[in-house]
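Notes to accompany the following structure.
The values are calculated or read from the model by the stated rules, or taken from the named source; none is laboratory data. Please read all numbers here as calculations on a predicted model, not as lab measurements. In this analysis, Cβ positions are derived from the backbone assuming ideal geometry, glycine residues included, and neighbour counts consider all displayed protein chains.
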Amino acid sequence: MAGSVVDGLLANVAGAAVGVAKGKPKLGGVLTVGTLSDVPNYHIFNGSSGKLDDSGFCVANALYDPLFVMSANGKTALPMLALSAKPSADFTVWTIALRHGVQFHDGTNFDASVVVANYTAAAANATVGLAIQPIIASVTEVNSYTVEYKMVVPFAAFPISLSEQQIAYMAAPSALGNTYAGKPIGTGPFKFKAWSVGVESQFTKNEKYWRKDGAGRRLPYLDGINFKTIVDSASRNEALQSGTVDMILQETGVQIKQLKKMSGVSVITSETEPLDPPINCLIVNTTGTLNQYFCWAGEFASIGVPGGLPYIEKGEAIPTAVQDADWLGTLGAVNPSTLQWDTTLKPVLNDVTIRQACAMAINRSTYFKLIDGSVGSVADGLYRKSSPFYTSPNYPAFNPTKAKALVAAYMATNKVTSVSFVIDILQDDSTAQQAYSFFESQLGAIGITTTPRPLVQSTLINNVIYGEYDCATWNQFGGVDPSLNYVWFLSLSATGSPAAGGLGLTTLPAGTNIAGAVNFAHQADPIVEASMISALGATPGSATEVRGWRTVNDQFAKDIPYLWLDQLINAWAARSNVQNWAYGTAADGTTRCLSPDAGSARWDQIWLS
């Protein structure tokens, strides 16, 4: 790993004393944590097949151990299941040394074959595989406790992905695969006990956990941990105050302000943490199509859209009709009456002038105050102003007069009398409804009509993945390093040779790019792609890396695949009887790590007084 591990990092972290206990831990007790959501099916809940939001990472950190964790200053990947990471000179190969003597909950030994099995399962998964395919070419076993990751492109910051992404988690080989129907099995501090999906999951102490604290005491301290799904943000606060839960994760500004005033409760927020917070935004379907990569791959063949990939695999040229179908065959919009994808409708958000109008129509400062209680800061791009990657990207300023003129010009050019689209929002959440009412009013003032589509979180995410949406409330990105976002912004040459990584759609205009499988906004800008590749292969902290990621931010202000709003501030809050819940240690038992980090609290080191 680049850099040295420096102990005493805790002293450099703002507010670090909160949540850190120095007394002798008390053993026993069950911790109850209130989370925002749950995964839809716990049978496939692991790093290779789960679709993890912050709440998902909470549960993952109880069941599984990651290969690395991030240091408290957010700069160094610290050992956990992995001991070290050594790159080749060009950052295209990473050799990972693994820890000896670790067992899964079922007694299976953790070794190099397990890491390969987890990668193989992840690569074969219908959605996770598509997210790692652009960065990892293969994982091979060098010896029993060494693996080699070969990268698709030079990737200088790759160990951070093995700390901060779900592929960092290792599940038992017997529990991998989409057809597995048993309980989840990890190496983590807690084992599966019971799970009512969408209600509560319960885990019991792993008596044979491999970790010890700095004094040599075996972890975890708790007998068990339960996660209660509480979708409504206000209800989560109420549960904490009443003692129904001991800790909560909170992401709503108004509720975070209330937490800070709550007696008998301690709070840590990501406002001063060493990472760019995720961004609250409206994600926009910039092509007005279903996922075009999925079209090319043949994912929509069942609804009459033949894919180009099957022809390539047979060594045949892709017929023109198939290429046309891949490009525009799923053009459409969400029908505001049926709330279903409708290929008979003409999209409007695939026109950049309408996206510009929307950006100008939404008063981000008012949203920040009204919806998020002025917690965090207004966003004009991916990075907060203190980030080394930030320079003003010239994102469109609030200007409803100009926005209204853009809408009028669009209607005149396209000979239509109205402009409308559907906005997907989280159901059963009062804050989400309040936010939608704000968007409806702001966009209505410039002549755009919107319709809400309330959905459970898993459905909202799946619709965005497959492209069956116009616009959706969203939060994503941020993190300790911009490289974590590469796959979400990736695009591929549509016209280039398949042998060179292109899609072989030769009937399209030369130089056309198509968004990658998990580029959910469908933005496909060659400048963004070239800038990211340059940044990924550059030494971390170098001028080349900084310049590349700044250019990405600048291009988003022109393309507007996201209607930026404000920072998504994470807050962890705990009742006074919860001890040692912040800045837990890495595998050496002494070096502090970035925790809580979204959902990555170190549950093994928490105790109840």
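The single condition from (1) within 27 Å of Ala156 (Cβ to Cβ); (2) in the same structural domain as Gly315 (by TED's automatic domain parsing) that Ile465 fails is (1). The residues of the stretch 550-608 that are closer than 30 Å to Gly373 by Cα and among the β-branched types (Val, Ile, Thr), listed by number, are Val552, Ile560, Ile569, Val578. Once the stretch 426-467 is narrowed to residues that are surrounded by fewer than 18 Cβ atoms within 10 Å (Cβ to Cβ) and within 15 Å of Ala361 (Cβ to Cβ), the residue that is farthest from the chain's Cα centre (by Cα) is Ala445. Within the stretch 406-417, identify whether any single residue is at pLDDT 95 or above, within 25 Å of the chain's Cα centre (by Cα) and either surrounded by 12 or more Cβ atoms within 10 Å (Cβ to Cβ) or under 16 Å from Pro278 (Cα atoms) (or both), and answer yes or no. No; the residues of the stretch 406-417 include none that is at pLDDT 95 or above, within 25 Å of the chain's Cα centre (by Cα) and either surrounded by 12 or more Cβ atoms within 10 Å (Cβ to Cβ) or under 16 Å from Pro278 (Cα atoms) (or both).
Name the residues in the stretch 528-554 that are outside any helix (DSSP H, G or I) and more than 18 Å from Leu492 (Cα to Cα), would you? Ala538, Thr539, Pro540, Gly541, Ser542, listed by residue number. Any chance the stretch 231-240 includes a residue that's farther than 30 Å from Gly34 by Cβ and modelled with pLDDT of 90 or more? No, there is no match, as no residue in the stretch 231-240 is farther than 30 Å from Gly34 by Cβ and modelled with pLDDT of 90 or more.
If a residue has to be more than 25 Å from the chain's Cα centre (by Cα) and closer than 14 Å to Cys471 by Cα to count, how many in the stretch 358-378 make the cut? Qualifying residue count, the stretch 358-378: 0.
Being in the same structural domain as Leu563 (by TED's automatic domain parsing), surrounded by 15 or more Cβ atoms within 10 Å (Cβ to Cβ), in contact with a helix residue (DSSP H, G or I) (Cβ under 7 Å, 6 or more places away or on another chain) and within 28 Å of Thr449 (Cα to Cα) holds for only one residue in Gly332, Gly373, and it is Gly373.
Consider the stretch 65-111 and keep the residues that are within 19 Å of Cys593 (Cβ to Cβ) and of a type in the set (Ser, Thr, Tyr). The one that is farthest from the chain's Cα centre (by Cα) is Ser84.
Quickly run through the stretch 78-89 and pick out the residues that are over 18 Å from Ala538 (Cα atoms), in contact with a strand residue (DSSP E or B) (Cβ under 6 Å, 6 or more places away or on another chain) and part of a strand (DSSP E or B). Answer for the stretch 78-89, where residues must be over 18 Å from Ala538 (Cα atoms), in contact with a strand residue (DSSP E or B) (Cβ under 6 Å, 6 or more places away or on another chain) and part of a strand (DSSP E or B): Leu78, Ala82, Leu83, Ser84.
Working carefully through the options Ala598, Ala582, find the one that is at pLDDT below 90, under 22 Å from the mean Cα position of the chain (by Cα), crowded, with 20+ Cβ neighbours inside 10 Å and under 23 Å from Lys260 (Cα atoms).
Working: Ala582 fails: at pLDDT below 90.
Being at pLDDT below 90, under 22 Å from the mean Cα position of the chain (by Cα), crowded, with 20+ Cβ neighbours inside 10 Å and under 23 Å from Lys260 (Cα atoms) holds for just one of Ala598, Ala582, which is Ala598.
Of the set (1) under 20 Å from Ser576 (Cβ atoms); (2) within 18 Å of the chain's Cα centre (by Cα); (3) surrounded by fewer than 23 Cβ atoms within 10 Å (Cβ to Cβ), all apply to Lys261 but (2). Taken over the stretch 345-363, the criterion of being surrounded by fewer than 22 Cβ atoms within 10 Å (Cβ to Cβ) and charged (D, E, K, R) is satisfied by Lys346, Asp351.
For the stretch 504-525, a residue qualifies if it is on the phi > 0 side of the Ramachandran plot and surrounded by fewer than 17 Cβ atoms within 10 Å (Cβ to Cβ), and exactly one does: Gly511. Taking the stretch 212-229 as the range and being in contact with a Lys or Arg (Cβ under 8 Å, 6 or more places away or on another chain) and modelled with pLDDT under 95 as the test, the residues that pass are Lys212, Arg218.
Please work out if Ile279 is at pLDDT 90 or above, under 30 Å from Ser387 (Cα atoms) and out of contact with any Leu (no Cβ under 7 Å at 6 or more places or on another chain).
Working: at pLDDT 90 or above: yes; under 30 Å from Ser387 (Cα atoms): yes; out of contact with any Leu (no Cβ under 7 Å at 6 or more places or on another chain): no.
So Ile279 does not fit the description; no.
Filtered by the rule that a residue be closer than 18 Å to Phe110 by Cα and crowded, with 21+ Cβ neighbours inside 10 Å, the stretch 178-209 gives Pro184, Ile185, Gly186, Thr187, Gly188, Pro189, Phe190, Lys191, Asn206.
Per-residue answers, yes or no, for (1) buried (at least 22 other Cβ atoms within 10 Å of the Cβ); (2) not hydrophobic (A, V, I, L, M, F, W, C):
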position	(1), (2)
Ala239	no, no
Leu249	yes, no
Cys295	yes, no
Gly304	no, yes
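Screening Gly496 against (1) in contact (Cβ under 8 Å) with a residue 60 or more places away in the chain; (2) in a loop (DSSP other than H, G, I, E, B) leaves a single unmet condition, (1). Number of residues in the stretch 93-139 that are under 21 Å from Met80 (Cβ atoms), polar (S, T, N, Q) and in contact with a helix residue (DSSP H, G or I) (Cβ under 9 Å, 6 or more places away or on another chain): the value is 3.
Being out of contact with any Pro (no Cβ under 8 Å at 6 or more places or on another chain) and on the phi < 0 side of the Ramachandran plot is the requirement here; does Tyr436 meet it? Can you show your working first?
On the way: out of contact with any Pro (no Cβ under 8 Å at 6 or more places or on another chain): no; on the phi < 0 side of the Ramachandran plot: yes.
When the stated conditions are applied, Tyr436 does not pass them.
Right, Leu565: of a type in the set (A, V, I, L, M, F, W, C) and under 30 Å from Gln241 (Cβ atoms) or not? Yes: the conditions hold for Leu565.
Quick test of your reading of the structure: Gly501 fulfils all but one of (1) buried (at least 22 other Cβ atoms within 10 Å of the Cβ); (2) at positive phi. Name the failing condition by number. Checking Gly501 against (1) buried (at least 22 other Cβ atoms within 10 Å of the Cβ); (2) at positive phi, the one that fails is (1).
Specify the residue that is farthest from Ala397 (Cα to Cα); the eligible residues are those in the stretch 439-471 that are small (Gly, Ala, Ser) and part of a helix (DSSP H, G or I).
Taking the candidates together, the pick is Ser458.
Take the conditions at pLDDT below 95, over 19 Å from Thr539 (Cα atoms) and surrounded by fewer than 24 Cβ atoms within 10 Å (Cβ to Cβ) and apply them to Gly50. Does it pass? Considered against the rule, which asks whether it is at pLDDT below 95, over 19 Å from Thr539 (Cα atoms) and surrounded by fewer than 24 Cβ atoms within 10 Å (Cβ to Cβ), Gly50 comes out as no.
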